[in-house]
1. If Thr26 satisfies every condition in (1) at pLDDT below 50; (2) among the hydroxyl-bearing types (Ser, Thr, Tyr); (3) within 26 Å of Lys153 (Cα to Cα) but one, which is the exception?
2. Got a sec? Which of Ile210, Ile141 is open to solvent by 70 Å² or more (accessible area, probe 1.4 Å) and closer than 16 Å to Leu100 by Cβ?
3. Give me the pairs: first residue in region 54-71 and touching a residue at least 60 places away in the same chain (Cβ under 8 Å), second residue of a type outside the set (S, T, N, Q) and open to solvent by 40 Å² or more (accessible area, probe 1.4 Å), beta-carbon distance under 9 Å, and six or more apart or on different chains, which are they?
4. So which residues in region 158-204 are at pLDDT below 80, over 24 Å from Val144 (Cα atoms), touching a strand residue (DSSP E or B) at 6+ places or on another chain (Cβ under 6 Å) and open to solvent by less than 70 Å² (accessible area, probe 1.4 Å)?
5. Looking at the structure I just gave you, is Gly45 crowded, with 16+ Cβ neighbours inside 10 Å, modelled with pLDDT of 85 or more and among the small types (Gly, Ala, Ser)?
Amino acid sequence: MPDLTLLYRFLSVCLFAGVIFPGVATAQNRKQDIVYLKSGSVLAGSLIYSDSLRGVRINNDCGSWLFTMAEVDSVVFQDLNHWSQGKRSGYYNLSSGSLLFGEGADGFVPYPSLTMINGYQWDQRLFTGAGLGYEYFGWSILPVFAELLWLMKPDILTPYLSLRSGYAFPLSKNPDSYLNGDQGKNYGGVLLNPEAGLRISAGDRYAFLIGIGYRYQELSWTSPGYDWNGNYSRKTITRYNRITLKAGILFR
C-alpha cells in the first residue's frame, strides 16, 4: 500500500512549484490545466488526455501522472482542444450504410441504404452537412438531404443525436406502375430521419458511428385508366415508416 501522506505532500510541492514558477507555463505559451482528485490533492500542468476509457493523464515538472476516472473529482481545462480527439472545426465526411426494417411488399425483408455527407464541423459538438445516396423501397431512389448532428459530450465514446430532412427522387419505376402498361409516371417525396447512436473515436481524424432511428418516406406514382367519359389517371401515394440500423465512418 503506497504512503498516501507522502504522495499528498509530493503533489502539493509540485502544485506549489507550478504556482511559484509560472515561467515554465509562459515558456510553453499556454495556461496550465488543473486536476482535482477526490483525495484532496490538486495537480497543475499540461493535460494529455481525459476520457472515460483511458482516464486522466497530466504532465508537469514532477513527471507524468495517470489517474482513473474514479480517482478524479474534476478537471479544469484551460485549452479546450483537450476535449476532443482532433480539430475543433472544419470539413468532415460521413459515409454510412443502413438497413431499413419494416413491413412491405416483401414482408419484413430489410432494404439497403447507402449515403454520403460532406459538411462543416462548427465546434466540438455541432456538425451540419448535405448528402445524397442510394436506397431501395421496392424501387430505387436517390435521397438528397441536409443533416444536423449533435454530440452529447466530447469523449472517446460519445452519444449523439442527428436529424436528416430532404427529398428523394425516383431512379427506377415502381413495379406497380406497369399494371396498366408502360404509361405510368413515378414521383419522389419528402424524407425525414431522426436518429440516436454512439460515436467511437478511432484517432485524431477518424471515428465510427452506430445508430438506430426512424425513417419516414413518401413516394407516389400515377397509372392510366379509362371510363365511359374517356381517359383518366390515378395517383397512388405510399408513406413508408421504417426502423433504421446504421453504421458509418466519420472522416475530418
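The values are calculated or read from the model by the stated rules, or taken from the named source; none is laboratory data. Here the structure is a predicted model, which is why all the values come from computation and not from measurement. When we count neighbours, we look across all protein chains shown, and the Cβ atoms used for this are built from the backbone with ideal geometry, even at glycine. With ligands, DNA and RNA removed, areas are computed over all heavy atoms of the protein, side chains included. Shrake-Rupley method; radii C 1.70, N 1.55, O 1.52, S 1.80 Å.
1. Every listed condition holds for Thr26 apart from (3).
2. Values: Ile141 fails: open to solvent by 70 Å² or more (accessible area, probe 1.4 Å).
Selected residue: Ile210, the only one of Ile210, Ile141 that is open to solvent by 70 Å² or more (accessible area, probe 1.4 Å) and closer than 16 Å to Leu100 by Cβ.
3. Sorted first by the residue in region 54-71, then by its partner, the pairs are Arg54/Leu66.
4. Those that are at pLDDT below 80, over 24 Å from Val144 (Cα atoms), touching a strand residue (DSSP E or B) at 6+ places or on another chain (Cβ under 6 Å) and open to solvent by less than 70 Å² (accessible area, probe 1.4 Å): none in region 158-204.
5. Working: crowded, with 16+ Cβ neighbours inside 10 Å: yes; modelled with pLDDT of 85 or more: yes; among the small types (Gly, Ala, Ser): yes.
Against the criterion (crowded, with 16+ Cβ neighbours inside 10 Å, modelled with pLDDT of 85 or more and among the small types (Gly, Ala, Ser)), Gly45 qualifies.
Yes/no per residue for (1) in contact (Cβ under 8 Å) with a residue 12 or more places away in the chain; (2) under 30 Å from Ser50 (Cα atoms); (3) outside any strand (DSSP E or B); (4) out of contact with any Leu (no Cβ under 9 Å at 6 or more places or on another chain):
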position: Gly97; (1), (2), (3), (4): yes, no, no, no
position: Val109; (1), (2), (3), (4): no, no, yes, yes
position: Ser113; (1), (2), (3), (4): yes, no, no, no
position: Ala130; (1), (2), (3), (4): yes, no, no, yes
position: Tyr134; (1), (2), (3), (4): yes, no, no, no
position: Pro143; (1), (2), (3), (4): yes, no, no, no
position: Leu149; (1), (2), (3), (4): yes, yes, no, no
position: Asp155; (1), (2), (3), (4): yes, yes, yes, no
position: Tyr160; (1), (2), (3), (4): yes, yes, no, no
